[in-house]
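A short write-up of the structure that comes next.
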Amino acid sequence: MSRIATRFAALRKVNRAAFVAFVSGGDPDFDTGLAILRRLVEAGADILEIGISFTDPMADGPTIQAGGARALAAGMNTKRIFDLVRAFRVEDNDTPVVLMGYFNPIYRYGTARFATDARAAGVDGLITVDLPPEEEDELRGPAEGAGLDIVRLVAPTTDEERLPLLLERASGFVYYVSIVGITGTRSPSMVDVEYAIARLRRFTDLPVAVGFGINTAEQAGAVARVADGAVVGSALVHEIGVGGSDMLDRVSVLARTLAHGVAGARA
Amino acid sequence: MVQCDCATQGTNAMSPDTAANSYRLGPDEWGHFGLYGGRYVAETLMPLISEVGAAYRNAKNDPAFHEEMGYFHKHYTGRPSPLYFAERLTAYLGGAKIYFKRDELNHTGSHKINNCLGQILLARRMGKTRIIAETGAGQHGVAAATVCARFDLPCTVYMGAVDIDRQAPNVFRMRLLGAEVKAVESGSRTLKDALNEALRDWVAHVHDTFYIIGTAAGPAPYPEMVRDFQCVIGDEARAQIMEAEGRLPDTVVACIGGGSNAIGLFHPFLDDPDVRIVGVEAAGRGLETGAHAASLAGGCPGVLHGNRTYLLQNEDGQITDAHSISAGLDYPGIGPEHAWLKDMGRADYVSATDAEALEAFQLCTRLEGIIPALEPAHALAWVVRTAPNLPRDHILVMNMCGRGDKDVFSVSEALGINL
């Protein structure tokens, strides 16, 4: 069983959702970025979602774009992202790691080489924001071959005619984009999220995580009551961006608060 | 940053389609021109992109849509634009017989209005109540703001903060026309970032908003749709040269940024094997300096802004900044159909530097009394370089796709003249 499936199965047994933490890989630099990954897990993150920075992240708001720009300025690239995951895996062989990014850096790296190197580094799944199923053949083959999960984004605009196409080859979990918009800019309506998840469950048995617009422990908790995972990115990346000598501690405190929000949701 | 070297990078190379009987059949059902094009957008936009595609197919087959567009072409834009024999430039260069397709005489001063008109009529058919657009030099923004004023739709134009500083008159013009101009402060704060921001706006307002993309790029159906709306240039030129010369031209030439004016001129000639097709990219300070906007000459295939095409990027697949004296060519990508035509060898893609364009700009102004925009001044630079070596019976048609009034400040600055 993959790390992702194992983690969701374990959480299901204790009736709680996963806290999925997103940061841009190597933000603000490689070493600090590695420390942040470890702190997030210590604070209760169940799954790590690591962003591969891109100069033109069209689905992201200003906070995550700024995080990506910091990582790029610090010399991060695809190869260094793999180095980062490999370094993280030295101490942690259980926490699932999902890479999230845009297709161009993957394409330039070479899709086959990317899938092989990602797997070798200890990556478990991929979210490619701008690669819809209609265009993904050249990545899907190598990714499936390497045993990487293909995590699909499903949006509020996705209709039932399109859902089967998205879910047909999805694996790991399904990522429901809770708002019509970019990351970190709006808060979702919980009524809508609940309705959307109920609809999704009619089409798939995969766990469903919800993200894009979850910023507080309350929101994460509300999501965790109905979904299998709550993804928080912009709020964490914002703290990293504020910086300062106590940044790591502040990120830890925030992550712990979010983790408690998720863990206590169904209590 | 180090530019990528296509020869050493894995590009998952697929060969382009083998030559069909026609070069005019593309794209395929999914918007691909061989390896290029497609729909690389976030899931939130996918259903909407499909909706635009379906609405466009429907409109394309509706004579009433074409009739309405024809009416506005004639009475609002001032089409057909003339095909003008540039007699003095021809005599001066002493070779090929040079014609200008005068799309700079269109309402708003460039070919951009052809596309905006088509797209806003489509937006109205779709019942959309709000328009967004991106702009670099401001020409597309002005054209979009113009049709929005005419059809009474609110318009938001995204423009890089750097470009806003460079193009103050066009910013004011858009505001006079009632558009809201939003400064884009992210990334390199130029055209590519304006496109990102417009896409982000669109993702957040999918239900009521129509995005008028300014060039023949972006996710399908835009490259095809914008090309179709710009083909009025080539269709007219073809009929006009037949009337003037009784035969097809030997060469057609146009400048290329995203490539909408060029594909509009080229497409109707693609299946005429005796017509040489030449696209002129902006070589900026010189291809060897890295400070240029020549995606085909200096870039490699990649995925940006919803389509696969040639891009200026580094070896990590990060997009690099383009440079050109012409803000309208200052874009690190190019329309996917040009990428395909390059690989197929059907069109030749060459380049002209800032300095060559400036020379040609002045020459044309003095000899023909036509102030070209800096964009077609790049095509002119190639004409100036090439025409003397061609025989006198060689007929050359160049697209004068914009007028240069907007550029007089940039040109005076480049020439070191204080206004």
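The values are calculated or read from the model by the stated rules, or taken from the named source; none is laboratory data. Everything numeric in this text was worked out from a predicted model, so none of it was measured. Don't worry about glycine lacking a Cβ; one is built from the backbone with ideal geometry, like all the others, and counts go over all protein chains shown. Note: areas computed on protein heavy atoms with side chains; ligands, DNA, RNA excluded. Shrake-Rupley method; radii C 1.70, N 1.55, O 1.52, S 1.80 Å.
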Highest-first arrangement of A:99-105, A:257-263, where packing means the average Cβ count within 10 Å: A:99-105, A:257-263
For the stretch B:76-167, dividing by residue count, accessible area per residue (probe 1.4 Å) in Å² works out to 29 Å²
Between the chain alone and the structure with every protein chain in place, find the residues of the stretch A:50-68 that drop at least 30 Å² of accessible area; heavy atoms, 1.4 Å probe. A:PHE54, A:THR55, A:ASP56, A:MET58, A:GLN65
Could you identify which residue out of A:ILE214, A:ILE106, A:ILE179 has the top mean-square fluctuation in a GNM of chain A using Cα springs shorter than 10 Å? A:ILE106
Given the -39500 (n - 2.57) contribution per DSSP H run of 4+ residues, what per-residue ellipticity at 222 nm results for chain B, rounded to the nearest 500 deg cm²/dmol? -12000 deg cm²/dmol
What residues of the stretch B:117-149 lie in the reach of a label at B:HIS75, counting those whose backbone N is under 17 Å from a point 7 Å from the Cα along Cα→Cβ? B:117-118, B:121, B:147
What are the trypsin sites (Lys or Arg not before Pro) within the stretch A:194-267 that DSSP puts in a loop, where the Cβ has at most 15 other Cβ atoms within 10 Å? A:ARG266
Please work out how much length the chain gains when fully extended from B:ARG247 to B:VAL408, using 0.36 nm per residue of separation minus the C-alpha to C-alpha distance, in nm with one decimal. 54.3 nm
What does the C-alpha gyration tensor say about the overall shape of chain B? Classify as rounded when a/c is under 1.5, otherwise prolate if a/b is larger than b/c, or oblate. rounded
Which of the GluC sites (Glu not before Pro) found in the stretch B:18-86 are loop residues per DSSP with 14 or fewer other Cβ atoms within 10 Å of their Cβ? B:GLU29
Ranked output for segments B:369-376, A:180-187, B:396-403 by mean other Cβ atoms within 10 Å, highest leading, reads B:396-403, B:369-376, A:180-187
With a sphere of radius 10 Å drawn around the Cβ of A:ILE240, what net charge do the other residues whose Cβ falls strictly inside it have (Lys, Arg +1; Asp, Glu -1)? 0
Using the Karplus equation 6.51 cos²θ - 1.76 cosθ + 1.60 (θ = phi - 60°), what ³J(HN,Hα) coupling, rounded to whole Hz, does each residue of the stretch A:22-34 give in order, writing x for Gly and Pro? 10, 9, 6, x, x, 9, x, 7, 4, 5, 5, x, 5
Need one value for B:313-321: mean number of C-beta atoms belonging to other chains within 10 Å of its residues' C-beta atoms. 6
For chain A, what is one quarter of the convex hull surface built on the Cα atoms, given in nm²? 12.4 nm²
Computed label-point distance, nm, for sites B:ASN61 and B:ARG392 using a 7 Å Cα→Cβ extension: 5.3 nm
Considering protein heavy atoms only and a 1.4 Å probe radius, which residues within the stretch A:97-123 exhibit an accessible-area decrease of no less than 50 Å² in the full assembly relative to the chain by itself? A:ASN104, A:TYR107, A:ARG108
Which far-off residues, 5 or more places away or on another chain, put their amide H under 5 Å from the one on B:THR353, with H placed in the peptide plane? B:ALA283
Rounding to the nearest 20 debye, state how big the charge dipole of the stretch A:3-263 is about its Cα centre with +1 on each Lys and Arg Cβ and -1 on each Asp and Glu Cβ. 500 debye
Show log10 I(q)/I(0) for the stretch B:95-147 at q = 0.23, 0.24, 0.25 Å⁻¹, two decimals, from a solvent-free Debye sum over equal Cα scatterers. -0.86, -0.91, -0.95
Give the shape of the stretch A:150-267 as rounded, prolate or oblate, defined through the alpha-carbon gyration tensor: a ≥ b ≥ c are the square roots of its eigenvalues, a/c under 1.5 means rounded, and otherwise the shape is prolate if a/b is larger than b/c and oblate if not. prolate
Which residues of the stretch B:39-55 show a drop of at least 30 Å² in accessible area when all protein chains are present, compared with their chain alone (probe radius 1.4 Å, heavy atoms only, ligands and nucleic acids excluded)? B:ARG39, B:TYR40, B:VAL41, B:ALA42, B:GLU43, B:THR44, B:MET46, B:PRO47
Which of the residue pairs B:LYS112/B:LYS182; B:LYS182/B:LYS406; A:LYS13/A:LYS79 have a Cα-Cα distance greater than 28 Å in the structure shown? A:LYS13/A:LYS79
Rough spin-label spacing in nm, given labels placed 7 Å along Cα→Cβ, for A:ASP29 and B:ASP152: 6.0 nm
Karplus-derived HN-Hα couplings along the stretch B:296-306 (A = 6.51, B = -1.76, C = 1.60, θ = phi - 60°), whole Hz, x at Gly and Pro: 6, 6, x, x, 9, x, x, 10, 8, 6, x
Net charge near B:GLY53 (other residues with Cβ under 13 Å of its Cβ; Lys, Arg +1; Asp, Glu -1) is -3
Between the DSSP loop rule and a limit of at most 12 other Cβ atoms within 10 Å, which GluC sites (Glu not before Pro) in the stretch B:157-227 are left? B:GLU185
Residues of the stretch B:365-382 with amide N under 12 Å of the 7 Å Cα→Cβ point at B:LEU415: B:365-367, B:371-372
Between their Cα atoms, which of B:LYS101/B:LYS128; B:LYS101/B:LYS342; B:LYS128/B:LYS342; B:LYS74/B:LYS342; B:LYS60/B:LYS342 are more than 31 Å away from each other? B:LYS101/B:LYS128; B:LYS128/B:LYS342; B:LYS74/B:LYS342
Quantify how strongly other chains surround peptide B:26-32 by giving the mean number of their Cβ atoms within 10 Å of each of its Cβ atoms. 1
For a label point 7 Å from the Cα of A:MET190 along Cα→C-beta, name the residues of the stretch A:241-267 whose backbone N is under 19 Å from it. A:257-267
Using a Förster distance of 45 Å, the FRET efficiency for B:ALA355-B:ARG175 (Cβ separation, nearest 0.05): 0.85
20 Å binning of all Cα-Cα separations within the protein assembly as shown, expressed as whole percents from 0 upward: 19, 50, 26, 5, 0
